[in-house]
Structure formats: C-alpha cells, structure tokens
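Reading through the structure tokens given below for one structure.
The values are calculated or read from the model by the stated rules, or taken from the named source; none is laboratory data. Keep in mind the model is a prediction, meaning the values are calculated, not measured. Please note: Cβ atoms are built from the backbone with ideal geometry, for glycine as well, and neighbour counts cover all protein chains shown. Note: accessible area is taken over every heavy atom of the protein model, side chains too, but ligands, DNA and RNA are not part of it. Shrake-Rupley method; radii C 1.70, N 1.55, O 1.52, S 1.80 Å.
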Amino acid sequence: MADRRRDWWDKEDDLPVYLARPGTTDQVPRQKFGGMFCSVEGAYESKTIDFDALSVGQRSSRGAGQRAAARGSASPEGGEREREPEREPEREPPREAAGQPGDRGVGIISSTGGAGGKELLQNLDDLGSDRLLIKGGRIVNDDQSFYADIYMEDGLIKQIGDNLIVPGGVKIIEANGKMVIPGGIDIHTHFQMPYRGTTTVDDFSQGTKAALAGGTTMIVDHVIPDPGSSLIEAFDRWREWADEKACCDYSLHVDITHWNDSVKQEVESLLKEKGVNSFQVYMAYKDLYQMSNSELYEIFTFLGEMGGIVQVHAENGEIIAEEQARMLQMGITGPEGHVLSRPEELEAEAVFRAITIASQTNCPLYVTKVMSKSAADIISQARKKGNVVFGEPITASLGTDGTHYWSKNWAKAASFVTSPPLSPDPTTPDYLNTLLASGDLTLTGSAHCAFSVAQKAIGKDDFTQIPEGVNGVEERMSLIWDKAVVTGKMDENTFVAVTSTNAAKLLNLYPRKGRIAVGSDSDLVIWDSDAIRTVTAKTHHSAAEYNVFEGMELRGAPLVVICQGKIVLEDGKLQATAGSGRFIPCSPFPDFAYKRIKARKQLAVLRAVPRGMYDGPVSDFSPMSRGGTPSASARTSPTKQTPPVRNLHQSGFSLAGNPAQRGAPSTEETPIRPAGRRIVVPPGGRSNITSLS
Amino acid sequence: MSGFQGKKNIPRITSDRLLIKGGKIVNDDQSFLADIYMEDGVIKQIGENLIVPGGVKTIDAHGRMLIPGGIDVHTRFQMPDRGMTAADDFYQGTRAALAGGTTMIIDHVVPEPGSSLVAAFEQWRSWADSKSCCDYSLHVDITDWHKGVQEEMETLVKDHGVNSFLVYLAFKDVFQLTDSQIYEAFSVIRDLGAIAQVHAENGDIVAEEQRRILELGITGPEGHVLSRPEEVEAEAVNRSITVSNQTNCPLYVTKVMSKSAADVIALARKKGTVVYGEPISASLGTDGSHYWSKNWAKAAAYVTSPPLSPDPTTPDYLTSLLSCGDLQVTGSAHCTFSTAQRAVGKDNFTLIPEGTNGTEERMSIVWDKCVVTGKMDENQFVAVTSTSAAKIFNLYPRKGRIAVGSDADLVLWDPDITKIISAKSHNLAVEYNIFEGMEVRGAPLVVISQGKIVLEDGNLHVTEGSGRYVARKPFPDYVYKRIKARSRLAELRGVPRGLYDGPVCEVSVTPKTVTPATSAKTSPAKQPVQPVRNLHQSGFSLSGAQIDDNVPRRTTQRIVAPPGGKANITSLG
C-alpha cells in the first residue's frame, strides 16, 4: 500500500499537465452504439464541439466552481467548509487503504491503480447542484456495455448519449473510459436489528454508509417482528429508524415469524398498501421463528396468489436442535459447535423441502443465504427441472469459508458465526462463484448483521447463544469483482446483473433501479477495476471490531459513487447524509418471477373424472380419521372455507378456458359434472396423462 | 434311489427327504450344475453323485434353474384398518406368495398409535403362527414416539428377533412423526443395531393437497395421486436420508414408487450414504394412469401410498435402477382390500383403504421386466428377489442362498412359461388384480418350502400354520460394517481455548434459539446431561489413549473430521 501511495504522490506532479488540456486527453475511441439511449447520430455534432470547448473554457471562470482550477492552492479545510451543508464531513479521513491523504484537493481524482495517472476526474463542486454530467464513461448494463455520456438532474438520469446538450454550470465528471455501472443493490441486510435487548452495531446510518463506500446504493433490509407481534407495527418501526438514518434508498422485506389469520391480513395490506413484495419465512430456529410444513404450504399458497416473493431461511431447525443438544452434551461449547451442529446437509435438505412446497403451491421461491455447495446444487438442479427458484449467495459465502470456526481466538471464531454457517469446505466460495456466474444462483446480498465482540460474547460458554451475523455490505461488490470477474468467471455485464439488476427485477423496481437508462434513478458507480485494497477492520466503515474478510486483498473498487444524483464517494471521501434515503415501495407480481408462474397457473387446472356413482356394497368402518386431517390448525386455506366433504349438489369443476380465476375456481359452478372432462395436466404439468380409461 | 422320472408321476408323499437331480443352482454370485439333497427342511448335500438314503423322493430338474426361494420383504397381510381387515390374511397371503415362488415373507406390524409395540407384535405373531404357510418374520412400525417406545424397541430387538423398524413421514396426525422424533428414533435404531425403514412422503404437504383437491370437487381415486405428487415422495426420501446421515443410521426406503425418489436414493448412494431402496411389484409392473379409469372400482384398486406414478415410463426406469444396483431389493407391499372395503372412500378418496396386490406376481414380474429384457442376469435376479433381502435383514445365509446348511426353500424356475395375470386365476381374495391382463414370462415350476413340495404341477399343497417365525439378529454385517467404521471416525472434539474474558453484553432473558430436545424424552445413548458447560469436567475424547488423558482440555487437539468426515479441515489458527 505504502508503495502505491508513493507512486501516487509521484504522479501528482503530472497532474497540472492534464489540467492544462483536459479536453484533449486521449480517450478511448467511443463506440457509436448506444441503442435507444443514443441521440440521433450527428444531430449535435457541430454544436457539441462548441459546447465541449465552452465547458472546458468556462471551467475556470465559473464562480463557485473555481476551486477546481485553483486546487493547487486551495487548502483542504477550506474545501471542506465550502461543501454543501447537507454533506457530512465527519468521516473526513477516508479509511480505505487506497484512500487519499487528508490534505488532498477535491478537484481532481487520479486513480492510484495500475493505470496510473491516465484517469482524470473533474469535480466542479457546485453548491447545491444536482446536475451532473459523466463524460466518457463506459456504461455497463446487464445486457451490454457502450460508451456514452450521462446527464443527470434531480436524481434522475435525463440523457444518455454522445455530445449531449446540457445546461451550463453542470458539474462534470470525466470518467475517462472507466466503467459506469448501476449502483449495487444489497438485497439482504440486517441493520439496527434488535436482538435480546441489544442492537446490531451497524445502524441504518453506519450500515448504509458502509454500503455506499462499497458501491452499493440501495439496500433491502429485513423487518423481523417478534413472534406474536404485529407485522405492520414492526414494519412502521423499521421505516421510522431507516427514514431517520438511511443514507441511501432502501426497501424492506418483512419476515413472517408466526402465522395465523391476522398475520395473513397484515401480509395482504403490506403487499397492497405498504410496498413490500417479499416475505421471509424460517425453517430453522425451532420454537422461535420456525414454521411447520403445513404453515409453509399455507404461506406459499397465499403469497403465490397475492404476487409476493417467498424467501426462506433454509435449515432444518428440528435436526439442528437435536444436534445442538448433542454437541453441548459432548462438551463442545465454542463456535466450532455452531458449524458442527448445522452441517450443510441440513441446509440442503431444507432447500429441497422448500422447493418441493413452492413447486406444489406454484409460488416463486427465493432462498436467502446460500452457504454451501450442496444447497447450491439443489437449487441448480431444481432450476434445471423448471422450478421458479432464486438463490442468493452472500458476501461471506462467496468470499470466505468456515475453517475459522476452529480459530483459537474465540472472538475471531465467534465473528464468523452466522446461519446457515460458512461451510468448512474451503472450495465452497469458488464453487458458489462459478454457479453465480453460470446463472444458477441469481443475485447476491450480504446478510450484513454485525455484532460487536462484547455482544457475541453473550454466547461465550454456549455457542447456541452467540448472536448470528457477519459483515459484508461494504465488501460485496469488490469481492464479487475480485472472485468472479478478475478470474474470468463472469463478465462485467453479468457482474451488474448479479449485484444489481436481478435484484431490481425481483423487487419489481426495474428499470428504476438496476439499470442505467433515461428515466432511471441516478444511482451510479464509476468502477475502478484496477484499484486494489486490503480489507481490514481497521479501515472498514462498519462498527464491528472484526471483519470476516480480514487481510483479503481485493481488486476492483468504486471510484465515484453517485446516489440520488449526488456524489457521495469521491476521492476516497464519503459524504453521505443520514436521513436522505427514501423508502422505495415494491409492487407485487414482479414479471421476473411471475410471468412463468401465471402461465403455469393457467395450465394447472385439475379436473375430476366423471364416473357413475358407485353403488356396490360398502364395508363398515370405524371413522377414525386417517390421512386427511383438514389442516394444520383452525385457520384453513386462504381460498375457501369448504370442509373436505363432498357437496353433491355443487361441484367445483372449472374449465381451462377460464384462466382469469386464480385460486378460487368455485366461481363457475355447474350443478352437474360436465361429461368428458379429464385431468389434462397434474400439478406442475410434468407428466403426460392422456385419456386413459 | 428309486427310478422316479418326471415329477408328474410322483405321488405326493410327505417325506421330508428330497433329492433334486440335474438342476442348475443359481445363487447371487454364480450358477452351477449340481444335485441337492435335503432333509428335515435343511439342505444337507450339494454336489454330483450324492450318497443319499434310499426311498427319498427325487425330482429331476432337467437342467432347469434352481433358485433360492423368494423373500418378500414387505407384506401387510391381515392388516387392520379402521375396523376392517385386509382381505388377504396370513393364510391366503402366504399361499399366494408360495404360488409365485416366494418362500418367505416379512410382514409389517402396525400398532395403533399409543398402544404397545410388544403387544401388537404378539398379536401379529399369534395371527401368523396360526395361519402362515411359509416362514415369516416381522418388521415393527413405529406409529408413535415416547420414552416407552424406546424400551419396547429394545425388548423387541433383544428378545423377539426384530431388527427393523419403520417410521412414517406421511399420514399426518395418525402415524406421522416429526423430524425431531425421527432423529431420535433413528438414533435409537442405530444404537440397537437395527435397520430404519421409512414410508417416505411429506405428510404435511399431502394433507394440504388433499384438502385442496377435495375443495376442487375431485373426490375420486384420481385425487389420490393428484394430492400425492412424486415430488412429495422425493422430498421425504431426501429428508430421511439427511436425518439418517446425521444419525449415522442405515436407512431402508420402502415402496420406491417414482423416478424422482429413486434418483434421490441413487444420488445419496453415490455420496456414500448407507441407504437401500425397495421398489415393489406394483411400481415395477404398472403405472398410475389407471387412477383415471372410468370404472371407480378399478381405479380404487390401484390406490396405495406413495401412489403409482402417472408417468408411464416409471416401471422401465425403476427396473433399470434395480438392475444396476441403485435399488437393491423388491417387495410387494401386498395389502389388499375388496371393492366393498375400498368403497368406504367412494365419496372421498382420502378414505379409500390403501394397498395393492403383488406378492404372487413379484417374481414373475421381475423376471419378465428385467431378465427377459436383458437388464439383469439370473444371478442378479436372485440377488434382488432374495439374497439382498436376506443380507440386509440378517437372514443370510440361512435364507437367500442355496448352500449346505441353508433352509430348504427352493424354487425350480421355468423361464419359458408364459402366463396371463388375471383376477380370475390368482390366489387372492380380491376382485381386482392391478396387473390384470399382463402377460409375463417366467414362473415357478416347483416350489419347496421348509423342505416340502408346496407347488408342483400347478397344484398348491400348503399347510395352514406351518410357517415358522424367523428371528433376526441385530447388527447385520451387510449393513453395519460400514456404520461401525463411520461411528469410529465421527468423534467430535471441541477447540481448547482460553476463557473469553472480554466484555459481555447484557441480554434480556428470552432464550434465543432452542429448546434442546422435543420433549423430556432425550437421546437414548446418554442420560440427559444439562447443556451447560461444566468447567471442571470435559467431554473430550481421543481415539486411543493419549498421554494427556488425565489432563482435561489440553491444547493442540483439533477437530479431526466433522460429521461424515467430508470436509478437509486442517490446522487453522
């Protein structure tokens, strides 16, 4: 690091040379291909030459922006003071390894990476300006990459193309051919999560700052209501916390920790009115959050009808409870007991079961925290069979493994405790990255849930008491870049897909988020693929004492992060504003998941075989209830309340020609069974039943 | 040696000395030509030019195959179901078995939930002893789980010769056990050295699906298969394999009915799990398309759980897996009900009593589908119909092999006979045969059970009550050799660390995760130890004596292998 910093200092001398002729620095030739985002070719050709010249020429004569030109003499303190008031200079000394020395000017950033001084970023720090032009960047979406300029205003992308006409006085960032990617979306965080009287050390402010520092411009947090309490109240409480503190846009998943009719109504109102489209259920945490198979079936059925996404925490809680008891009996009380009592088979088993139920209920499934090879294999097998299932590996499972549970340092071992645990198999991260690149796993989160050592020490004598969670929100983007793109497993477009676009699609926020397009939110990251930094707890933005990626050297880092049209990371300096984050409501029935589900629903209509009544002898039998107890509990299926007794005067047959009805096919009731109807397709439409008598 | 040539002319004599001349003896490992001499129900000599006493009855095999009598590992004769009893009792059932070349059956004892296992076992014994025509043994189903069950299981294993127990993952609120209970049950079974059998279907999902299907107005037998899709079977198989892996308990999956379930088993075997799969006559011979039959009675005759798969390629697939060894044994799950009994569920498919026939047809179906088609040879045929079952359930080599000292349960097999299965000609008490009209090649010509000829010339000569109960010892080598080796490896040890002395957060009292066990009934092996660390005592154990045995919690001990010994953990700081 020190060497590199020295390099940088050496190169600093060259900077005025670039400054002297900023418009003429050699650029990579632009690709004249921007699809719909391109202006008509040649439309502005003559004008823009003027404009370019103008903007360059004006730079030094523009009032408040002059500091850029005067950067050599401007004192850093002055620079800080002149910033817009809403920016927080508190984190002024940037803590990244590649960060810049404190006395550095604000006007120009030069990359410290291998490419040396080639890059040049202009920063005309207009007061209060939310007009921003990124020039000369290579826009990377999940489908293609192309060179174009981006003009943003009011937090939205207004124009994309070459030679844009923009108002005067906009702040210009020269990307110099660097990649401009949609800001990352971390689809799984637990900021400020209450836990037995304490709270995770990263609250929404700390957490979102770490997110922004890593190039993530939106987070989706999990609301965890106490079992038995109201989902909506919990949701409101989380909203309140996040509105007050979040520095970037956010959205919320709600965890269903118990299930009954009132919860069902709450889920419905969350879906329809509150902008939540994803709900997590737990198959682990016996006697606390765990749902029975019947409850899972009901929840899946309900959400499948309402257009929600079911997320599962997949581990077999019952067996874990048994194994935990066994470990403690054997005298294993340290963090290694955590992973020993939660072998990866239990994760795979639960994933398999969740997929089975989802397939039965025709509900899209989202598996959170894919931590092991076997769980990932089950998901990829199911996808091959056509199930609508999405897998989310997290930063920790992509970046490290579970060997550290055996560390002699209790605090270090405990910092890795999360559920499902990191796999002790050291080849796991590589395997998961491969599946992520091949598309078998769909998107990435961090499951960031950081506890201090003192908090982890709650479980110092009993590993089952250790609060669970690892960090990862800040490292996520760099880690995937380093593990998957640098190694050639995926290209930059897939990188964008798994870090941002797929998440946006699943949350039904696409193309507002997850894409660089006209009309999208201006959440952008200028990505420096050559920057190298070392992850360490000393410099990370999380408040936790340990970093599970400690000492890992990662290639690829955000150079500039723009969130809501404002530069929040620049020059290694984070300037985030607590409370500026907005809640982004998600609507139900995301096309990404539901197009297929809807089509299947229309196919999966079941019909009875019309037969004459059986009129032969019938044996006597004692009416002991056998296979078909109606339901898990009094709360019955969402669709109907009919008891499972045949009403001979009424029949529930429906015809395939009426796909509009979903779930409740009783609307079209005919008094007599229509003749000649056969089951066309069994559930799932797999097997080939033709007419058989 | 009397000059009896051709069995046609032999008058039936009750001699228990028997000589079979000129047969090709087929065991699971090899075939060879030899004569066999039997006396007192035991094979006394094998070889050429045997010296035998005068006056023995002689059968000339004319070079035909002589195979060990079939063992039907899964029958439910005379099974009570809600006040009714399965149509084939032990007499009728074993008679049908013998007619098909099966000389031993293993029946399932199904105790009423909450009642005593031993009492139910005695009940079944008394039924079978009075009626059975061939040797039999008994599996015991665990329909309920509490402390007393463990003790009864121990009694059954130690005093009554039972070494296999079946648990249900289906039949919610009746027989179904939870995952925790299954975990505990498997732990007990492993400690006793028995085999864990599972009825693998996810009962929770089935219950929900049944309700949905009924709501849709589907009340006929097609609802049975629609509410029990094969995924639900595969899921349960996967889950039981997971639990058995965790508990290091051998697993035996009864009634493999679908491709996906068979695939899960095959996959698990590739990963090294000790798991056995049992397809049954019905799943090998027919498919579930008949559930849509317009004839209610016919459709209802196919109702069994897990259901026959509607995918018509299933039988072919299962016979292939059986031939390649991914599935090992065949049963029949013979449990028949008359049409009148089935009609209990005429307005609600969930009430239809479940079970299909198959004990009589089993051998012929496997021959026809596997050997005639070239998927397996005659030795493998013997393995899947008899030898593997005898090995798994610790009957080998008394049963399942033609060797000196083995029981004289033999079948003279004629590979060329063709017959058409029909309810008109079968030896069962029910009106429907699910294999109706199927033409099968291969049938027994002569069946010898306990050294007596019971089938000859197409005539059955069975004696009610002649069947003996065959006790089975625990820890069958075929299964437990691997289990024992693994349990030696799977010792876990904690990491010795200094005590954490940093700050500790205050917490509110609500316990986070977990109550240690399902209930007061804890793990069988040890007395319930409080899950609290006793700082003066350590539970670490090392394989073999260590110099520091007397010093608790020495440094430098590391976990050698996590459960299953998969991952490669080396020393890490």
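Out of (1) open to solvent by 10 Å² or more (accessible area, probe 1.4 Å); (2) under 15 Å from B:Lys255 (Cβ atoms); (3) in a loop (DSSP other than H, G, I, E, B), what's the single condition that is false for B:Leu321?
If we test B:Leu321 against (1) open to solvent by 10 Å² or more (accessible area, probe 1.4 Å); (2) under 15 Å from B:Lys255 (Cβ atoms); (3) in a loop (DSSP other than H, G, I, E, B), just (3) comes out false.
Yes or no: B:Glu354 within 29 Å of B:Val275 (Cα to Cα), open to solvent by 20 Å² or more (accessible area, probe 1.4 Å) and within 14 Å of another protein chain (Cβ to nearest Cβ)? It would help to see each step written out before you state the result.
Details: within 29 Å of B:Val275 (Cα to Cα): yes; open to solvent by 20 Å² or more (accessible area, probe 1.4 Å): yes; within 14 Å of another protein chain (Cβ to nearest Cβ): yes.
Criteria met by B:Glu354.
For B:Gln78, which of the numbered conditions (1) modelled with pLDDT under 90; (2) in a loop (DSSP other than H, G, I, E, B) fails to hold?
The one condition B:Gln78 does not meet is (1).
Among (1) open to solvent by 10 Å² or more (accessible area, probe 1.4 Å); (2) at the interface with another protein chain (Cβ under 7 Å from one of its Cβ atoms); (3) charged (D, E, K, R); (4) assigned to a helix (DSSP H, G or I), which single condition is B:Glu154 missing?
The failed condition is (2).
Across region A:260-283, which residue is farthest from A:Met306 (Cα to Cα) among those that are hydrophobic (A, V, I, L, M, F, W, C) and out of contact with any Lys or Arg (no Cβ under 8 Å at 6 or more places or on another chain)? Show your work before the answer.
Restricting attention to region A:260-283, the residues satisfying the condition of being hydrophobic (A, V, I, L, M, F, W, C) are A:263, A:267, A:270-271, A:276, A:279, A:281, A:283.
Narrowing further to those that are out of contact with any Lys or Arg (no Cβ under 8 Å at 6 or more places or on another chain): A:263, A:267, A:270-271, A:276, A:279, A:281.
On the way: A:Val263: 14, A:Val267: 9, A:Leu270: 11, A:Leu271: 8, A:Val276: 11, A:Phe279: 12, A:Val281: 16 Å.
Going through the qualifying residues, I end up with A:Val281.
Would you say A:Leu506 is in contact (Cβ under 8 Å) with a residue 24 or more places away in the chain and in contact with a helix residue (DSSP H, G or I) (Cβ under 7 Å, 6 or more places away or on another chain)?
yes
Among the listed residues A:Ala557, A:Ala608, A:Ala593, identify the single one that is of a type in the set (Gly, Ala, Ser), assigned to a strand (DSSP E or B) and buried (at least 23 other Cβ atoms within 10 Å of the Cβ). Give the derivation first.
Numbers: A:Ala608 fails: assigned to a strand (DSSP E or B); A:Ala593 fails: assigned to a strand (DSSP E or B).
That would be A:Ala557, the only listed residue that is of a type in the set (Gly, Ala, Ser), assigned to a strand (DSSP E or B) and buried (at least 23 other Cβ atoms within 10 Å of the Cβ).
Collect the residues in region A:448-458 that are facing another protein chain (nearest Cβ under 9 Å) and not hydrophobic (A, V, I, L, M, F, W, C), keeping them in residue-number order.
A:Ser452, A:Gln455, A:Lys456, listed by residue number.
Identify the residue in region A:125-146 that is in a strand (DSSP E or B) and open to solvent by 10 Å² or more (accessible area, probe 1.4 Å) and, among all such residues, is farthest from A:Lys566 (Cα to Cα).
Step by step, filter region A:125-146, then rank; the result is A:Ser145.
Please find, within region B:478-504, the residue that is nearest to the other protein chains (Cβ to nearest Cβ) out of those that are open to solvent by 60 Å² or more (accessible area, probe 1.4 Å), touching a helix residue (DSSP H, G or I) at 6+ places or on another chain (Cβ under 8 Å) and under 24 Å from B:Ala390 (Cβ atoms).
Here the answer is B:Arg486.
Could you check B:Ala299 against (1) assigned to a helix (DSSP H, G or I); (2) open to solvent by less than 10 Å² (accessible area, probe 1.4 Å); (3) away from chain A (no Cβ under 14 Å) and say which number it fails?
Checking B:Ala299 against (1) assigned to a helix (DSSP H, G or I); (2) open to solvent by less than 10 Å² (accessible area, probe 1.4 Å); (3) away from chain A (no Cβ under 14 Å), the one that fails is (3).
How many residues are within 11 Å of another protein chain (Cβ to nearest Cβ) and outside any loop (DSSP other than H, G, I, E, B) if we restrict to region B:159-182?
So the answer is 6.
Where in region A:315-428 are there helices (runs of 4 or more DSSP H), lying wholly inside it, with at least 3 residues that are open to solvent by 10 Å² or more (accessible area, probe 1.4 Å)?
It comes to A:317-329, A:344-361, A:373-384, A:410-415.
Output the residues belonging to region B:302-316 that are surrounded by fewer than 19 Cβ atoms within 10 Å (Cβ to Cβ) and either among the polar types (S, T, N, Q) or away from chain A (no Cβ under 11 Å) (or both).
B:Thr313, B:Asp316
Got a sec? Which of A:Asp186, A:Asp149 is at pLDDT 90 or above, assigned to a strand (DSSP E or B) and over 25 Å from A:Leu507 (Cα atoms)?
Answer to the selection: A:Asp149.
Which one of the conditions (1) open to solvent by 60 Å² or more (accessible area, probe 1.4 Å); (2) under 30 Å from A:Asp203 (Cβ atoms) does A:Pro588 fail to meet, given that it meets all the rest?
It is condition (1) that A:Pro588 fails.
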